[in-house]
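*Asks:* Submitted below is the structure of interest, expressed as structure tokens.
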Amino acid sequence: MELDGWEKTRLDEHITIKHGFAFSSEYFDPNGEDIVLTPGNFYEEGGFRPLGEKQKRYNGPIPKDYILSSGDMLVAMTEQAPGLLGSTLFVPSVGRYLHNQRLGLIQKLEGSRINLNFLHLLLGMPSIRRRISAESGGTKVKHTSPSKITGLDVLLPPLPEQKKIAEILSTWDRAIETAEALLATARTQKRALMQTLLTGKRRFPEFEGQEWREVRLGHVGVVSSAGVDKKTDPKQPEVRLLNFLDVFRREFIFDSELDHVVTAPPAKVEQCNVSRGDVFFTPSSETRDEIAIPAVAAEDMPGVCYSYHVVRYRLKEDWDLNFRAFVFQTDDFRRQAYRLGDGSGQRYVISQNNFRQMLVRVPGLAEQKKIGAVLKAASDEVERLEKGIEKLRTEKKALMQQLLTGKRRVRV
């Protein structure tokens, strides 16, 4: 398709990419004033991701050529997470940021006919990312180089049209940023409610004076592991599997969300079944703070078994379903899991026996229901905002595909 005014060109006619500096880990300091950018600071689709307390900071000697300026554009040259390779960001205006290794600083050549905001969008296109990934090196972790990125052939519209396209799509970015700010507030409010309602620091008037019980998990329920593996045997009946990620990514698990089919012996199917109210935990992870993440089965699930990668906790008492989903998310419970996890730095595991020793505080059933209802409403609001953001991102991607390929033209 001929596009009036658009030209096929190589990126090395317009930009160069400069490697970052290998800052010494001995000067990494959580209280340091300088911020060391890492691949973790990139969203997979592009853009700056704040890391909060996990952000690497630096307090040591800095080569002046590796101090970044507000608005500088960087590209991720290693795939720390799937889809990250080739992602770009612009350096924020607040704070002093350092140009770290594995990140490329994109600089325009004199007389370049490319707009960096347009390039940011262009490098976010799935077709471009696939090309970068296909030409990458590495076995376990993919990585690319400045020459491989600048060697890409791209189709560029005239500079005024590039700017107009970037302006149009920036309105979508602002809408997404606004929605993300609302989501962050909703998450903060939900967390504050959890930490006050689930610890008894905040009580509903009708329950004032009623005492809570502190219970040990092993005394009020049964902890089971040794779930079903992911193998298939034509001689065994088929079952659907409740996996690690089904627990890790959710608070409530629904039957319709599970579609991983395996097989298991009939005795194993009976032993590892899933019933409404069962609480599942992640017993292991690469980090201590991700062990014992909970999720609750929202319904009976005939034909579903839990995986050997998760632990099932089946209560012997009648606790409110919503309360079950949130009571194991308190700071106190997380601290217990952190302390009881065993590991060497590569993998951390919490044993069945340690699960049984963990403690939670529990009010009466009526108060559980009231607490559960409030927290479920807060959780539903978070989910509503997450879905809204996902819809905005999907619509933006569809528009990008049209504008960045010339299928839809803009008036300048």
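The values are calculated or read from the model by the stated rules, or taken from the named source; none is laboratory data. Only a predicted model underlies this, so the values are computations on that prediction, with no experimental measurement involved. Neighbour counts run over all protein chains shown; Cβ positions are idealised from the backbone, glycine included.
*Asks:* Would a scan of segment 58-74 turn up a residue that is over 20 Å from H143 (Cα atoms), modelled with pLDDT under 90 and part of a loop (DSSP other than H, G, I, E, B)?
*Replies:* no
*Asks:* Ok, one more. Pick out, from segment 89-179, the strands (runs of 3 or more DSSP E) lying fully within it that include 1 or more residues that are within 22 Å of S69 (Cα to Cα) and not hydroxyl-bearing (S, T, Y).
*Replies:* 96-98, 103-108
*Asks:* Filter segment 274-322 down to the residues that are modelled with pLDDT under 95 and either among the polar types (S, T, N, Q) or not assigned by TED's automatic domain parsing to the domain that holds V223 (or both) and list them by number.
*Replies:* T282, S284, S285, T287, S307
*Asks:* Could you tell me whether segment 217-231 includes any residue that is touching an Asp or Glu at 6+ places or on another chain (Cβ under 8 Å) and surrounded by 15 or more Cβ atoms within 10 Å (Cβ to Cβ)?
*Replies:* Yes, because at least one residue in segment 217-231 is touching an Asp or Glu at 6+ places or on another chain (Cβ under 8 Å) and surrounded by 15 or more Cβ atoms within 10 Å (Cβ to Cβ).
*Asks:* Take segment 360-412 and flag every residue that is in contact with a helix residue (DSSP H, G or I) (Cβ under 9 Å, 6 or more places away or on another chain) and among the β-branched types (V, I, T).
*Replies:* Hits for segment 360-412 are V360, V362, I371, V374, V382, I389, T405, V410, V412.
*Asks:* Here is a check on your reading of the model: is P266 free of Cβ contacts under 8 Å to residues at least 40 places away in the same chain and in contact with a strand residue (DSSP E or B) (Cβ under 9 Å, 6 or more places away or on another chain)?
*Replies:* Here the answer is no, as P266 does not meet what is asked.
*Asks:* Okay, moving on. Can you pull out the residues in segment 330-346 that are out of contact with any Lys or Arg (no Cβ under 6 Å at 6 or more places or on another chain) and in a helix (DSSP H, G or I)?
*Replies:* Hits for segment 330-346 are D331, D332, F333, R334, R335, Q336, A337, R339, L340.
*Asks:* Sticking with this one: Can you tell me which residue is nearest to G111 (Cα to Cα) among those in segment 122-167 that are surrounded by fewer than 16 Cβ atoms within 10 Å (Cβ to Cβ) and among the hydrophobic types (A, V, I, L, M, F, W, C)?
*Replies:* L159
*Asks:* Among (1) buried (at least 16 other Cβ atoms within 10 Å of the Cβ); (2) more than 24 Å from the chain's Cα centre (by Cα); (3) touching a residue at least 40 places away in the same chain (Cβ under 8 Å), there is one condition V412 misses while meeting the rest; what is its number?
*Replies:* (1) is the only condition that V412 fails.
*Asks:* List the residue pairs whose Cβ atoms are under 8 Å apart, where the first residue sits in segment 346-360 and is closer than 20 Å to V327 by Cα, the second is exposed (fewer than 13 other Cβ atoms within 10 Å of the Cβ), and the two are 6 or more positions apart or on different chains.
*Replies:* Taking only residues 6 or more apart or on different chains, the pairs are R356/R216; Q357/R216; M358/R216; L359/E214; L359/R216; V360/E214.
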